[in-house]
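See structure below.
The values are calculated or read from the model by the stated rules, or taken from the named source; none is laboratory data. Everything numeric here is computed off the predicted structure, so don't read it as measured data. Here Cβ is always computed from backbone atoms with ideal geometry, including for glycine, and neighbour counts include all displayed protein chains. To get the accessible areas, we keep the full protein, side chains included, count just its heavy atoms, and leave off ligands, DNA and RNA. Shrake-Rupley method; radii C 1.70, N 1.55, O 1.52, S 1.80 Å.
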Amino acid sequence: MHKTLIVTNDFPPRPGGIQAFLHNMALRLDPGRLVVYASTWKRSREGIEATTAFDAEQAFTVVRDRTTMLLPTPQATRRAVGLLREHGCTSVWFGAAAPLGLMAPALRTAGAERLVATTHGHEAGWAQLPAARQLLRRIGESTDTITYLGEYTRSRIATALTPAAAARMVQLPPGVDEKTFHPGSGGDEIRARLGLTDRPVVVCVSRLVPRKGQDTLIQAMPRILAAEPDTVLLVVGGGPYERDLRRMAAETGVAGSVRFTGAVPWSDLPAHYGAGDVFAMPCRTRRGGLDVEGLGIVYLEASATGLPVVAGDSGGAPDAVLDGETGWVVKGGDPGAAAERIVALLGDPELRRRMGERGRQWVEERWRWDLLAEKLKDVL
């Protein structure tokens, strides 16, 4: 019986987009034909208890390495080979191609018939560094398929691969649970709780780091408020940039029109999207292309919720927007461009409705988890 071994350093309860991607895919595979080999989230008592509780809830087998960072060391590779043989797995899915895909030759020798390595966003940066390019090239040669998020990441990663390996690449982006993210997700309750019931709301859901563009939105707020004086920027998420963003809001004179929620539980995210009239995250590329947006699943979650989106032009973010149909792509880091599009949307309810409906339709047609899980099954 065909069985798959997932080898990954990114798996819940460790939080993050890659972790959510892998878990959502795993949930849609046959649990009797799946084994996950992953790192341990934290070595603290709390972390171990959380990991143990999470693993016990899964319908498939999860085996944890004691380390908090799973790397392709000889010891980890031997354990992966042992799990492959013990469970009779014939395919292997590396949850992140770099660097765990370096285990591929040993797993092939041990009997793996199909080896798939998934890339996200960081590999596009790796492709620009000489030593990392060589590692990507080795991974491409020793696996059957490298998957990519969108055209931006494909074009960058392919330059590090041989022509044969580049030709075997297959698109496999993360998906959206359209039953969780939908127009009736509870936004009215969030608005009421925050005292925003009668105010235009621009919402940004993301980790607070410079690349995501929350600073650009704060800098855009004076122009937005000049056109729509009651507008509130709702910044949802936590991260190391929060203190700087709060200071920036005060220095810009818009602190009274910016609300920070901090990190919110995943179960509350759909309602926070729904609290907005417009979703905006004008992300930008930093560090000479090493810090770049891989795709931007938040745009698709916002579209599924029925919101028009304003995205930045960093990396693969434009792949998550039908420019002019589900929203607009603007130059990342340009407050004027972001303000122009946001004001246009806030001032035109019919345009918001039309773009929101088209976004919802696009998610249902292309980005549902069940559709993408079927693609993964074919690749495996």
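ALA26 fails exactly one of the following numbered conditions: (1) within 19 Å of VAL116 (Cα to Cα); (2) outside any strand (DSSP E or B); (3) more than 22 Å from the chain's Cα centre (by Cα). What is the number of that condition?
Checking ALA26 against (1) within 19 Å of VAL116 (Cα to Cα); (2) outside any strand (DSSP E or B); (3) more than 22 Å from the chain's Cα centre (by Cα), the one that fails is (3).
Among the residues of the stretch 187-234, which ones are without any contact (Cβ under 8 Å) to a residue 60 or more places away in the chain, in a loop (DSSP other than H, G, I, E, B) and in contact with a Pro (Cβ under 8 Å, 6 or more places away or on another chain)?
Answer for the stretch 187-234, where residues must be without any contact (Cβ under 8 Å) to a residue 60 or more places away in the chain, in a loop (DSSP other than H, G, I, E, B) and in contact with a Pro (Cβ under 8 Å, 6 or more places away or on another chain): LEU208, VAL209, ASP230.
Can you work out which of the residues in the stretch 67-76 that are closer than 17 Å to ARG108 by Cα and touching a Leu at 6+ places or on another chain (Cβ under 8 Å) is surrounded by the fewest Cβ atoms within 10 Å (Cβ to Cβ)?
Here the residue is ALA76.
Select from the stretch 220-265 the residues that are under 23 Å from ARG341 (Cα atoms) and acidic (Asp, Glu) and write down the one among them that is most open to solvent (accessible area, probe 1.4 Å).
Once the filter is applied, the top-ranked residue is ASP230.
Table: residues versus (1) outside any strand (DSSP E or B); (2) at pLDDT 95 or above; (3) touching a Phe, Trp or Tyr at 6+ places or on another chain (Cβ under 9 Å).
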site: LEU245; (1), (2), (3): yes, yes, yes
site: ALA250; (1), (2), (3): yes, yes, no
site: PHE260; (1), (2), (3): no, yes, no
site: PRO270; (1), (2), (3): yes, yes, yes
site: TYR273; (1), (2), (3): yes, yes, yes
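Looking at the stretch 127-151, which of its residues are surrounded by 22 or more Cβ atoms within 10 Å (Cβ to Cβ) and assigned to a helix (DSSP H, G or I)?
Across the stretch 127-151, the qualifying residues are LEU136, ILE139, GLY140.
For the structure I just gave you, tell me whether ASP268 is open to solvent by less than 70 Å² (accessible area, probe 1.4 Å) and more than 25 Å from THR326 (Cβ to Cβ).
So ASP268 fails the test.
Enumerate the pairs (first residue in the stretch 263-274 and without any contact (Cβ under 8 Å) to a residue 24 or more places away in the chain and among the aromatic types (Phe, Trp, Tyr); second residue anywhere and part of a loop (DSSP other than H, G, I, E, B) and open to solvent by 60 Å² or more (accessible area, probe 1.4 Å)) with beta-carbon separation below 7 Å, excluding pairs fewer than 6 apart on the same chain, so at least 6 apart or on different chains.
Cβ pairs passing all conditions: none.
Please enumerate the residues belonging to the stretch 15-63 that are of a type in the set (Gly, Ala, Ser) and buried (at least 16 other Cβ atoms within 10 Å of the Cβ).
Quick first cut of the stretch 15-63, residues of a type in the set (Gly, Ala, Ser) only: 16-17, 20, 26, 32, 38-39, 44, 47, 50, 53, 56, 59.
Hits for the stretch 15-63 are GLY17, ALA20, ALA26, ALA38, SER39, ALA50.
Here is a yes/no grid of residues against (1) on the phi > 0 side of the Ramachandran plot; (2) modelled with pLDDT of 95 or more; (3) surrounded by 24 or more Cβ atoms within 10 Å (Cβ to Cβ):
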{"residue": "LEU290", "(1), (2), (3)": "no, no, no"}
{"residue": "GLY294", "(1), (2), (3)": "no, no, yes"}
{"residue": "GLU301", "(1), (2), (3)": "no, yes, yes"}
{"residue": "GLY312", "(1), (2), (3)": "no, yes, yes"}
{"residue": "ASP319", "(1), (2), (3)": "no, no, no"}
{"residue": "GLY324", "(1), (2), (3)": "yes, yes, no"}
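Looking at ASP177, ASP198, ASP188, which is the one that is within 20 Å of the chain's Cα centre (by Cα) and either open to solvent by 40 Å² or more (accessible area, probe 1.4 Å) or more than 23 Å from ASP313 (Cβ to Cβ) (or both)? Don't jump to the end; show me each part of the working.
Working: ASP198 fails: within 20 Å of the chain's Cα centre (by Cα); ASP188 fails: within 20 Å of the chain's Cα centre (by Cα).
The unique qualifying residue is ASP177.
Of the conditions (1) part of a strand (DSSP E or B); (2) more than 30 Å from VAL264 (Cβ to Cβ), GLY82 fails just one. Which one is it?
With respect to (1) part of a strand (DSSP E or B); (2) more than 30 Å from VAL264 (Cβ to Cβ), GLY82 is out only on (1).
Within the stretch 326-349, can you find the residues that are among the charged types (D, E, K, R) and surrounded by 21 or more Cβ atoms within 10 Å (Cβ to Cβ)?
Matches in the stretch 326-349: ARG341 only.
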